[in-house]
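Every read-out reported here was derived from the displayed coordinates using simple, explicitly stated rules and does not represent laboratory data. This structure is a prediction, so every number in the text was calculated from the model and none was measured.
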Amino acid sequence: MIAFNGSAINRHMETSDKNSAIFVLTGRGFDTILNEGGSQAWRINTKRASTFKYVVCIQNHNQNLFDPKQLTARHHAAFMVGKLKEVVDCDEVIKNSPYKRKLLVFSEYAKVDAPNQWPGNRNPVTYKRLEDLDIDIEGLEFKPMPFASDPTRK
């Protein structure tokens, strides 16, 4: 595990660069994200999201959508960095929402431990530079994602 120094900085990014990432505040835990092949069910612009190389997953304990036993990190702690393979439609439907949701598919992942990384945004998706959180991408130990539970996805 790699620990981070620094605080979360909210910086809007119009385009990505090699050190930028999508940061998501998720109620899903580490094992669930591995089993699903990435992080979902996001209302996100596919074209824009596809330009990013990394996704940083930050734990949300305030969502009542999931079993609290699956939460694997402290509230607002970054716990996983995924290398973004693709952005695809997902089957999950959010109650009373007309929007199609997306799955951010990971090719590889690294486990991390970085407390207090969410800046308090209402929107659970934000875009940041990895340097703002002192993330040394070269120092992370990425592992290939296991096969997702959906056998039709490669």
Share antiparallel - DSSP beta bridges, region 18-134, percent rounded to 5: 80 percent
Exceeding 23 Å between C-alpha atoms, which entries from my cross-link table qualify? They are Lys18/Lys85; Lys69/Lys128; Lys100/Lys143; Lys69/Lys100. Lys69/Lys128; Lys100/Lys143; Lys69/Lys100
When a/c reaches 1.5 or more, the comparison of a/b and b/c decides; with that in mind, is region 18-134 rounded, prolate or oblate per its Cα gyration tensor? rounded
